[in-house]
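Here's the structure we're looking at; comments come further down.
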Amino acid sequence: MSDYDEIEMVRIRIKLHLPHRIDSVWAELTDWEANSNWIPQTRVTVTNQTLGAGTEFVGVSKVGPIVLEDRMRVSNWSPPVEGKAAARVSKLGPVLFGDAGFELTADGEGTSLVWFENVNLKWQLITAVMKPVLTPIAWLLFRTALARFAKTLEVKPAG
C-alpha cells in the first residue's frame with residue numbers, strides 16, 4: 001500500500017441538469033484543454049492525445065504564489081450511446097492522487113451531469129488534518145467550475 005491510499009481527502013459528487021444535448025455536453029467536457037476556460041485559476045495542457053482512454057493531460061492551478069500540478073490519464077472513455085456517457089481520469093500526482101470524472105444521461109431535451117472527485121493528498125497526516133477545511137472549499141470550487149462550464153455551453157451554438 002502506498003502512503004496516500006488510506007485517507008481520502010475530498011470526495012465530492014455534484015449533480016446538475018443542463019438544457020443541452022448529451023453530444024454537446026460530452027464534446028465540451030472531453031475537450032481537455034478547453035477545461036481551462038471554466039476551471040478557475042487552471043491551465044490544462046494535453047501531453048499525450050489518444051482520442052480516448054490513455055490520453056494524458058496536466059492541469060496547473062495557480063493561486064498567488066501557490067502552484068499545484070495535477071497530472072491525469074483518461075482511464076474510462078464511454079462516448080454517448082443510447083443516452084448515456086461517462087469518462088473517468090486517474091490522478092497521477094505528484095501531490096494529488098485518486099480519480100475524477102463525470103456521468104451523463106440524456107434527460108428529456110437536456111442532459112443530467114454527475115461530476116465526481118475522489119482525491120487524496122500524497123501525505124496522510126496533512127490529509128487527515130486538512131480534510132475538514134479542504135472538503136467544503138473543494139466543493140465550492142468544483143460547484144463554481146461547473147456553473148462556469150454551464151455558461152460556456154450557453155454561448156455555443158445548440159447542437
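For the range 69-159, the gyration tensor built on C-alpha atoms gives a prolate shape. Its axis ratio a/c (a ≥ b ≥ c) is at least 1.5, and a/b is the larger of a/b and b/c. In loop segments of the range 90-131 as defined by DSSP, the chymotrypsin sites (Phe, Trp or Tyr not before Pro) with at most 15 further C-beta atoms inside 10 Å of their C-beta are TRP123. Per residue, the range 56-158 exposes 55 Å² of accessible surface when a 1.4 Å probe is rolled over the protein heavy atoms with every protein chain present.
Just add up the charged neighbours of VAL44: K/R +1, D/E -1, any other residue whose Cβ is under 14 Å from the Cβ of VAL44.
Numbers: positive: ARG43, LYS62, ARG71, ARG73, LYS91, ARG148; negative: GLU28, ASP31, GLU33, GLU56, GLU69, ASP70.
Here the charged neighbours net out to 0.
Each Lys and Arg contributes +1 and each Asp and Glu -1, all at the Cβ; summed about the Cα centre of the range 12-79, the dipole is approximately 220 debye. Computed over the Cα atoms of the chain, pair by distinct pair, the Kirkwood hydrodynamic radius stands at 16.3 angstrom.
For the chain, the residue among TRP38, GLY98, GLY54 whose Cα projects farthest onto the positive side of the dipole built from Cβ charges is TRP38.
Charging the Cβ of each Asp and Glu at -1 and of each Lys and Arg at +1, and nothing else, the dipole of the range 1-149 about its Cα centre rounds to 340 debye.
So, with +1 on the Cβ of K and R and -1 on the Cβ of D and E, and no other charges, what is the size of the charge dipole of the range 43-120 about its Cα centre, to the nearest 20 debye?
On the way: 7 positive and 9 negative charges, 72 e Å.
About 340 debye.
Ordering GLY64, SER24, LEU146 by the projection of their Cα atoms onto the charge dipole of the chain, which places +1 on the Cβ of Lys and Arg and -1 on the Cβ of Asp and Glu, puts GLY64 at the extreme positive end.
If the cut-off is a Cα-Cα distance under 29 Å, which lysines reach LYS62, setting aside same-chain residues fewer than 8 apart in sequence? Within the straight-line cut-off, LYS62 pairs with LYS15, LYS91, LYS122, LYS131, LYS151, LYS156. Would you work out what percent of the accessible area of the chain, with all protein chains in place, is carbon or sulfur (probe 1.4 Å)? The nonpolar share, carbon plus sulfur, comes to 58 percent. Across the range 75-88, coupling constants 3J(HN,Hα) worked out from phi with the 6.51/-1.76/1.60 Karplus curve, θ = phi - 60°, read 10, 9, 9, 10, x, x, 9, 6, x, 9, 7, 7, 9, 9 Hz, and Gly and Pro carry x.
Net charge of the neighbourhood of ALA106, taken over other residues with C-beta under 14 Å away and scored Lys/Arg +1, Asp/Glu -1, is -3.
The values are calculated or read from the model by the stated rules, or taken from the named source; none is laboratory data. Predicted, not measured: the structure shown is a model, and the values here were computed from it. When we count neighbours, we look across all protein chains shown, and the Cβ atoms used for this are built from the backbone with ideal geometry, even at glycine. Note: areas computed on protein heavy atoms with side chains; ligands, DNA, RNA excluded. Shrake-Rupley method; radii C 1.70, N 1.55, O 1.52, S 1.80 Å.
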